[in-house]
Structure formats: structure tokens, C-alpha cells
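What follows is calculated from the coordinates using simple rules that are stated; it is not laboratory data. Quick caveat, the model's predicted, so the values are computed rather than measured. A quick note on method: Cβ atoms are made from the backbone with ideal geometry, for glycine too, and the neighbour counts reach across all protein chains shown.
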Amino acid sequence: MSGNGRIPNWADVTLVPLVSVLLAFILSGILIWAIGESPWAAVKLMVEGAFGSSYGWGYTLYYATNFMFTGLAVAVAFQARLFNIGGEGQALLGGLGVALVCLYIPWPHWSLALLAACAGAAGFGALWALIPGYLQARRGSHIVITTIMFNFIAASLLGYVLVNVLRPQGSQDPSSPRFPAEVALPKLHEMLALVGIPFSRVPPVNISLLIAVGMCFAVWFLLWRTRLGYQIRAFGESEPAAEYAGISPARITIYVMLISGALAGLMAVNSVMGEQQRLVLNAVEGAGFIGIAVALMGRNHPFGVFLAAILFGFLYQGGAELALWTSIPRELIVVIQALVILFTGALDNMVRIPIARLFALRGAR
Amino acid sequence: MDIATFVQVLDSTLRLATPLLFACLAGLISERAGVFDIGLEVKMLGAAFMAAAIAFVSGNVWIGVAAAVAGSVLMSLVHGGAAITFRGNQRISGVAINFLAAGITVVIAQNWFRQGGRTPSLSGDARMARIDLPFAENLRDVPVIGPVYHGILSGPAPLVYVAFLCVPATWYLLFRTRFGLRLRAVGENPAAVDTAGVSVIGLRFAAVAICGVLCGLAGAYLSTGLSAGFVKDMTAGRGFIALAAMIFAKWRPWQAMGAVLLFGLLEAVANRFQNIDIFGVAVPVQAMQALPYILTVVILAGFVGKAIPPRAGGAAYVKEH
């Protein structure tokens with residue numbers, strides 16, 4: 001999708017995604033209108049629900065934390081032109097890593113547990129991405145299909161582990177026991193209280209938010225300031241050229257998938273350790289897939305991912321409020337998300353070509 | 001395992017394989033023409049919703065089936081528009097359409113029926129009737145033939161037969177007609193087809209439309225034949241199993257039938273038994289659920305006969321000037 005010289009760079013990174021999102025919102029508005037609700041009232045409710053209080057902000061940021069991790073995971077892979085749809089499965093396995101670390105090792109303090117949980121989550125996530133990565137690199141099996149298959153295999157594996165291994169005796173619920181209180185992560189309101197800012201105690205937003213923001217910086221540094229990052233981007237731009245320059249495609253594919261899987265796995269630190277405090281069957285709740293929308297919308301740039309993650313955090317929290325107060329079900333958010341993926345990902349040219357024409361017209365004058 | 005259980009498992013294998021077979025052939029035709037489609041799942045889901053909703057409103061299952069096919073074809077054309085006309089990424093478009101239908105069906109179902117994103121249960125003419133083959137009752141007690149004829153072959157909804165008839169039909173279409181030859185050529189080398197003066201875009205849209213029709217039938221069977229009504233996410237990964245079966249069968253119709261029967265059997269066995277002892281080893285039900293996906297990965301990895309997709313698959317065709 002590169003090689004489009006007619007659109008200035010600033011327009012490419014801002015105008016194209018904004019117009020795409022606008023189109024997605026307009027279509028969603030028509031859908032809301034078609035089912036007999038007022039689009040205006042819906043927007044107002046969503047904005048108030050997500051940003052109108054520190055309670056709303058807390059949930060928005062909690063969801064955004066998840067989406068930053070999964071969005072970065074997809075974005076890193078996209079930089080190497082690899083489409084990792086396996087974020088969902090990688091995050092599930094990351095959750096398993098977190099649960100094992102928290103349940104089987106007695107931690108004296110949450111900070112040590114957090115470090116170990118990050119390692120566990122990233123390690124398990126990376127491992128789950130390594131197999132499709134290896135198969136792509138060495139056997140040429142298409143990563144899109146293998147990562148989809150691995151999502152399902154991960155769900156089965158987790159189901160087995162929860163039912164047969166982690167489930168406490170006598171419990172019917174396929175979930176792990178609660179983690180000990182020592183490993184509870186500090187919530188945002190506790191952290192803000194240290195500097196004297198009052199914040200709602202309810203939302204699950206926690207210290208993982210800082211890790212997610214840190215990861216945005218780390219990924220930016222990796223991609224644009226290190227040799228490996230250069231190789232990843234070169235490989236993504238042109239595989240033959242990269243190979244000619246002495247970059248091994250197999251090595252890059254495997255590295256990228258390891259990084260991508262680790263980032264997706266890290267999401268579990270926020271959801272499993274930060275919120276649920278135990279491992280449940282659907283711990284990821286589709287965040288792996290939202291990562292695709294977030295990465296596309298953020299133009300595969302960590303800063304873009306950061307902004308897009310907050311936008312989707314807003315959609316999620318706003319959507320929950322909508323479902324609470326109107327007859328619009330939560331699934332409306334899935335529709336908006338789909339439209340964003342469709343416009344920013346697949347129908348990119350539909351938005352881009354008219355914008356390019358506009359610029360060409362202006363240039364001709 | 002006694003004979004009655006055996007017959008029951010085979011019977012449900014046939015029923016469970018039916019939606020897989022439709023969807024598998026749908027994907028096969030689309031991918032043979034060079035358009036990758038990971039949106040089989042939701043075309044089925046959307047169609048299942050349309051079938052149940054319209055069958056409920058009209059009281060006639062066949063009007064529901066027609067609506068399902070129409071809805072599914074419409075979704076196919078959106079995918080086709082993104083993948084063929086606007087030359088977008090076919091896989092991303094597939095993912096987008098997956099979410100689109102998953103969300104929209106629930107929103108509309110909730111709006112129309114207010115039953116938490118499901119349609120009311122279907123009964124009477126709004127459900128697909130069983131077809132009882134002639135003499136099924138008379139032959140019931142004949143050993144071997146009786147159970148097979150009465151218990152397995154006779155009794156399913158008409159779409160089951162249609163699905164299995166689609167196998168030779170697809171084979172004939174792809175390998176014995178001019179259209180099929182061009183279709184396959186468009187998936188392997190679109191430039192050659194274009195040079196011969198045949199429209200690449202037209203052929204690909206035709207393939208995508210056929211894919212839509214078949215997915216529509218898959219979904220319609222799911223909500224009006226296999227169960228009685230639409231519930232949220234009722235496809236439950238079947239579209240992806242169909243995709244797996246297609247790769248497992250290496251994009252060939254007869255082998256696709258074998259693959260969906262195998263995967264249908266796995267599902268039937270997993271539904272019926274919680275744990276199975278095979279040679280003294282207890283196989284957990286989750287292993288059986290994961291097996292189709294594991295087998296597909298193994299096949300894709302080329303450890304057991306490599307699966308090679310159509311060469312021009314996944315890439316939009318740009319005419320040379």
C-alpha cells in the first residue's frame with residue numbers, strides 16, 4: 001500500500017485514518033438510527049460514560065491498556081508484513097503464564113510478582129507465536145491460517161488446563177483459584193493518591209497502564225533506533241531487497257513473531273493479574289482481535305497505536321454505558337470496530353484515492 | 001460401543017458435516033479463483049440469522065433459506081468489492097466482515113425480537129422438515145442395512161442431501177467445464193486469463209458469489225435444520241473448521257468431503273462422550289475439539305503431504321497497460 005507519492009505524509013498519517021473512522025461512525029450512526037435510537041443521544045451517552053467522570057476514565061484506560069498491548073503486537077508484525085491474527089491465543093497463553101507464576105510461587109511483594117508475571121506472560125505468549133513463526137519461516141505455512149488455528153488450539157488447551165489442573169477441588173466453575181492478596185497490583189487511584197489526585201476506586205485500571213505506555217516507547221525505540229528494527233522494516237518493505245542486503249528472512253520472521261507474541265501475552269498482566277485476579281476461560285474477551293483494528297488505525301506506529309487504543313477504550317466503555325441505558329446492545333461496538341478495520345485496512349484505497357485526487361487537483365491549480 | 005450408539009454417532013456426523021461441507025466448498029471455489037476468504041464463518045452466521053428471522057416472520061422455511069442466501073451473497077460482494085475492486089488486503093477484509101456480521105446480527109436480532117440477540121424458536125413449517133426415504137420403516141429391522149438406511153441415510157433435512165450433491169457438482173464445475181477451467185486459471189495465473197480476453201474481475205466476482213450462495217445454505221441449515229432458531233455466535237468456529245478442511249483437502253472437492261466427514265465425526269464424538277479411552281489412554285474432550293486445527297497445522301507445515309494454495313491467491317489483479 002506504499003508507493004503513493006501524491007499524498008503528503010502528514011495527510012497519509014492523519015487524514016486517511018480520520019476519514020476512515022468518520023465513515024465508520026457515520027455508518028454506525030445510520031445503523032443506530034435504523035434501529036430506532038437517536039445517534040446524537042448515543043454519542044452523548046458514550047462520551048459522558050467514557051470521559052465524564054474518573055469512573056468512566058478508569059474503565060476507558062483499563063480497556064485501552066489491553067488494546068495497547070494487542071495493538072502493538074499486531075503493529076510490530078505488520079511492520080514486517082506479517083499478519084498475526086493470533087493475538088487472542090497468545091494472550092490466552094500469556095494468561096496461563098501469569099496464573100502459574102501467581103499461584104505456585106509465594107511472592108513477598110507485588111512488585112516482584114509483577115516482574116515475574118510479565119516474564120511469564122511474555123514468555124508464554126512468545127512461545128505460542130514461535131510455532132507459527134517457525135512454520136512460516138522454515139516451512140512456508142501461511143501465518144494467517146496457522147495463527148487462526150492456534151487461537152482455537154489455545155482455547156482448547158486452556159479449557160483442558162482449567163478444568164483438569166487449575167480448578168479447585170469441588171468447584172464447578174472452570175477457572176483457577178483466586179490469586180493470593182499479596183500479588184494484587186496497585187490500582188490507578190492508589191497511585192494517584194500518592195500525588196494527591198482523587199480518582200474513582202472502582203475501575204480496574206492499574207499499574208499495567210504504565211507498562212503499556214512504556215512498551216509503546218520500547219517498540220518505537222526498537223523499530224526506529226536499533227539494528228533489528230531497521231532489519232524488520234526493511235524486510236517489510238521488500239523481502240528480496242532485505243535478503244540481498246544480508247538480512248535473513250527466516251530469522252526476522254521468527255524474531256518478529258516472538259516479539260509480537262510477547263506483547264500480546266503481556267496483555268494478560270492487565271486483565272488476569274490486574275482485574276480478574278484469577279484465570280477464567282475467556283480472559284481475553286476479543287482484545288486480541290481488537291488489536292488488529294488498533295494497529296490498522298494507528299498506522300502501525302506505536303504512537304498511533306497509543307491513540308487508537310484510547311479511542312477503542314472509549315468505544316468499549318461508551319458501548320457498555322449504551323447497553324446499560326438504551327436498547328442498543330454492546331455488540332454495536334463490534335460493528336464499529338469491524339467498520340474501522342474495513343475502512344482503514346481493506347478499503348484503504350477507497351479513502352485514499354479520492355484524497356489523492358483532491359491533492360492532485362490542488363497541486364494542478 | 002453398541003450398534004445403536006454407533007449409528008447415532010454416524011447420524012450426527014452426517015448432520016454436523018453438512019454445514020462444514022457447504023462452507024468448505026464455498027471457500028474452495030473462492031480460493032481456487034484467487035480470492036482468499038476467512039469470512040466463511042460469518043457469512044454462515046449472517047445467513048443463519050437471516051434464515052431464522054425470515055422463516056419466523058414468514059412462517060415458511062424456504063423463504064428463510066432464500067433470504068439467507070441473499071444476505072450471504074451480499075456479504076460476499078462486500079468482500080469482493082474490497083478484495084477485487086479496491087484491491088485491499090483480502091485477509092484484513094475477511095477479518096472485518098467477520099466482526100461486521102457478528103455484531104450486526106446481534107444488534108438486529110435484539111432490535112427485532114428483543115430476546116437477548118436471538119430469534120424466537122422455530123416450529124412447524126418454519127423449520128426444515130425431515131425427509132424420510134421410502135421403505136425406511138420397513139427396512140428398519142433388517143440387520144446391517146436397516147440401521148444404516150433407517151438410522152443414518154433417512155431422516156435428515158433436505159439440505160443434507162443437497163450438500164453432498166454439491167460435491168460432484170463442484171468437481172464437475174471446476175474440472176469439466178470451461179467456466180471451471182477459467183476459474184482455476186484465474187487463481188493460478190490471472191494475467192494469462194486476461195490475455196485470453198476473459199474478464200479476471202468478472203470471474204472472481206462469480207466465484208465470490210457462488211461462495212456466498214453456498215455459505216448461505218450452510219447458515220440456513222444451521223439455524224433451521226440442525227437447530228430451531230438463531231442464537232448469538234451459533235456458528236462457533238465452524239467456518240474456520242471448514243477453512244481447515246479445505247486446506248486439509250488441498251483445495252479438492254472429493255477430498256473436502258472426506259475432510260468434513262472426519263471433522264464432523266470428531267465433533268459428533270466430542271459431543272457424545274466426555275472422555276474417550278483409546279488403547280488405555282484417556283483422551284480429553286478438548287483434545288478432540290482441537291484436533292481439526294492441529295491436523296490443519298500439520299498439513300500446512302508440509303510434514304504429511306504439503307498443501308500448496310492456488311498461486312495467485314490473496315493478491316489483487318492489476319491489469320498491465
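Only helical DSSP H runs with n ≥ 4 go in: add -39500 (n - 2.57) per run for chain A, normalise by residue count and round the 222 nm mean residue ellipticity to 500 deg cm²/dmol. Walk me through the intermediate numbers first.
Numbers: 15 runs with 245 residues, N = 365.
Mean residue ellipticity at 222 nm (helix-derived): -22500 deg cm²/dmol.
By Kyte-Doolittle mean hydropathy of at least -1.0 and Cα axial length of at least 20 Å, which whole DSSP H helices of chain A are selected? Please report the intermediate quantities before stating the final value.
On the way: long enough: A:16-34 (27 Å, 2.47); A:54-79 (35 Å, 0.63); A:87-104 (25 Å, 1.29); A:110-134 (34 Å, 1.44); A:143-161 (26 Å, 1.98); A:208-225 (24 Å, 1.90); A:249-268 (29 Å, 1.52); A:302-325 (34 Å, 1.40); A:348-364 (24 Å, 0.49).
Once both thresholds are applied, what remains is A:16-34, A:54-79, A:87-104, A:110-134, A:143-161, A:208-225, A:249-268, A:302-325, A:348-364.
Calculate I(q)/I(0) for segment A:292-350 by the Debye formula, one identical point scatterer on each C-alpha and no solvent, and give its log10 at q = 0.21, 0.30 Å⁻¹ to two decimals.
Here log10 of I(q) over I(0) equals -0.78, -1.12.
Rounded to the nearest angstrom and ordered from largest down, what semi-axes does the equivalent ellipsoid of segment A:32-101 get from its C-alpha gyration tensor (root of 5λ)?
Calculated on Cα positions only, the semi-axes equal 32, 18, 12 Å.
Relative contact order (percent) for chain A, with alpha-carbon contacts under 8 angstrom and 6 or more residues of separation?
This gives 35 percent for chain A.
Please state the charge dipole magnitude for the protein assembly as shown, taken about the Cα centre, from unit charges on C-beta atoms (+1 on K and R, -1 on D and E), reported in debye and rounded to the nearest 20. All intermediate terms of the calculation are to be shown ahead of the outcome.
Details: 43 positive and 30 negative charges, 313 e Å.
I would put it at about 1500 debye.
P(r) of the protein assembly as shown in 10 Å steps, Cα pairs, percent per bin?
3, 14, 24, 27, 19, 8, 3, 0, 0
Using C-alpha positions alone, give me the convex hull volume of segment A:14-353 per residue in cubic angstrom.
Numbers: hull volume 51.1 nm³, N = 340.
About 150 Å³ per residue, rounded to a whole number.
Compute the distribution of all C-alpha to C-alpha distances in segment A:1-149, in bins of 10 Å from 0, and list the percent of pairs in each, rounded to whole numbers.
Histogram of Cα-Cα distances, whole percents per bin: 9, 22, 27, 27, 13, 2.
Only counting other Cβ atoms within 10 Å, I'd like B:THR296, A:THR70, B:THR170, A:THR147 sorted with the fewest neighbours first. All intermediate terms of the calculation are to be shown ahead of the outcome.
Working: B:THR296 28, A:THR70 34, B:THR170 25, A:THR147 31.
Final ranking by Cβ density, sparse to dense: B:THR170, B:THR296, A:THR147, A:THR70.
Using the 2.2 N^0.38 Å rule of thumb for compact globular proteins, work out how segment A:166-217 stacks up: its C-alpha Rg over that value, please. Before the final figure, lay out each step's value.
Values: Rg = 15.6 Å, N = 52, 2.2 N^0.38 = 9.9 Å.
Relative to the rule-of-thumb radius for its length, segment A:166-217 sits at 1.58.
Determine the sum of side-chain charges near A:PHE314: Lys and Arg each +1, Asp and Glu each -1, restricted to other residues whose C-beta is under 12 angstrom from that of A:PHE314. Show your work: numbers first, answer last.
On the way: positive: none; negative: A:GLU48, A:GLU321.
Once positives and negatives cancel, what remains is -2.
Starting with the fewest neighbours, write out A:ARG139, B:ARG204 ranked by other beta-carbon atoms found within 10 Å of each beta-carbon. Present the calculation step by step, with values, prior to reporting the outcome.
Working: A:ARG139 13, B:ARG204 25.
Arranged by neighbour count, lowest to highest, A:ARG139, B:ARG204 become A:ARG139, B:ARG204.
Please order A:LYS44, B:LYS319 by the number of other Cβ within 10 Å, starting at the fewest. Numbers along the way, then the final one.
Working: A:LYS44 13, B:LYS319 9.
With the fewest neighbours first, A:LYS44, B:LYS319 line up as B:LYS319, A:LYS44.
Over segment B:3-300, what lengths in whole Å, largest first, do the semi-axes of the equivalent ellipsoid take, defined as the square roots of 5 times the eigenvalues of the alpha-carbon gyration tensor? Don't skip to the answer; put the middle values down first.
Numbers: eigenvalues 193, 113, 78 Å².
Taking √(5λ) for each eigenvalue gives 31, 24, 20 Å, largest first.
For segment A:228-301, calculate the relative contact order in percent as a whole number, restricting contacts to Cα pairs under 8 Å that are 6 or more residues apart. Intermediate results must be reported in sequence, preceding the final value.
Values: 26 pairs, mean separation 11.9, N = 74.
It rounds to 16 percent for segment A:228-301.
Whole number please: convex hull volume per residue of the Cα set in segment A:79-149, in Å³?
On the way: hull volume 6.4 nm³, N = 71.
Spelled out: Cα convex hull of segment A:79-149, divided by residues, is 90 Å³.
For segment A:215-365, taking Cα atoms only, what is the radius of gyration to one decimal and the Dmax to the nearest whole Å?
19.2, 63
Jot down the per residue volume, in cubic angstrom and as a whole number, of the convex hull over the alpha-carbon atoms of segment B:155-281.
Numbers: hull volume 18.7 nm³, N = 127.
Spelled out: Cα convex hull of segment B:155-281, divided by residues, is 147 Å³.
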